[in-house]
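Quick notes on the structure that follows.
Just so it is clear, none of the values below were taken in a lab; they were calculated from the coordinates. As the structure is a computational prediction, the values presented were derived from the model and not from experiment. Glycine gets a Cβ as well: all are built from the backbone with ideal geometry, and neighbour counts include every protein chain shown.
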């Protein structure tokens, strides 16, 4: 017997361009499940589930995507606004948000992770490619990227930070354990791709890479939002 709290999106709900047609938003008091044959689904508004969101393909929303527990997609997760889950966020491809990306647990992407705002995870953050945030990046566990890691503000990890290419942030760089940059095995990194560039190293042991401290930015009357504001 079907679970009445599960909203299933089928091929009949999507037009030829992948747009969800029954309504502007997709909202469920339980789970939202995108049928395996649907592929990528685009929503003009927001996607909200009290429990979780499961998609075999990709999910794209003009506004935000949020779930009380988990968001999982076999391909990409993309939102014009915020992506938020009380538990974890997993994508086989990229995760991209115009706003923040927040998870109470882990954030993991097979490709890259990019946010116009901040990226915050209660556990680890891992990406097969690069990790980029307009504001800060914070993880309760470790941060690992198959490319570079870049933040407009600070970077903070409860454990270590490991990047195949450079690590760059304007404010403080803090790790509970060791820091590695430029450790890629798929090419010989250029000197700039081995940089660990930050305003100030506030914690962690640099084990590989070239540390450059540029100094903390001067405070302004209109402060740029930082990690504490997330």
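Listed values, structure above:
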| read-out | value |
| --- | --- |
| Candidates 209, 215, 152 - the one that is in contact (Cβ under 8 Å) with a residue 40 or more places away in the chain and either farther than 21 Å from residue 98 by Cα or crowded, with 22+ Cβ neighbours inside 10 Å (or both) | 209 |
| Members of the stretch 164-177 that are more than 12 Å from residue 201 (Cα to Cα) and assigned to a strand (DSSP E or B) | 177 |
| From the options 64, 105, 86, 93, residue that is out of contact with any strand residue (DSSP E or B) (no Cβ under 6 Å at 6 or more places or on another chain), buried (at least 19 other Cβ atoms within 10 Å of the Cβ) and under 27 Å from residue 142 (Cα atoms) | 93 |
| Per-region count, the stretch 106-138, residues in a loop (DSSP other than H, G, I, E, B) and free of Cβ contacts under 8 Å to residues at least 40 places away in the same chain | 12 |
| Output for the stretch 11-61, where each listed residue is under 23 Å from residue 104 (Cβ atoms) and loosely packed, with under 15 Cβ neighbours inside 10 Å | 27, 29 |
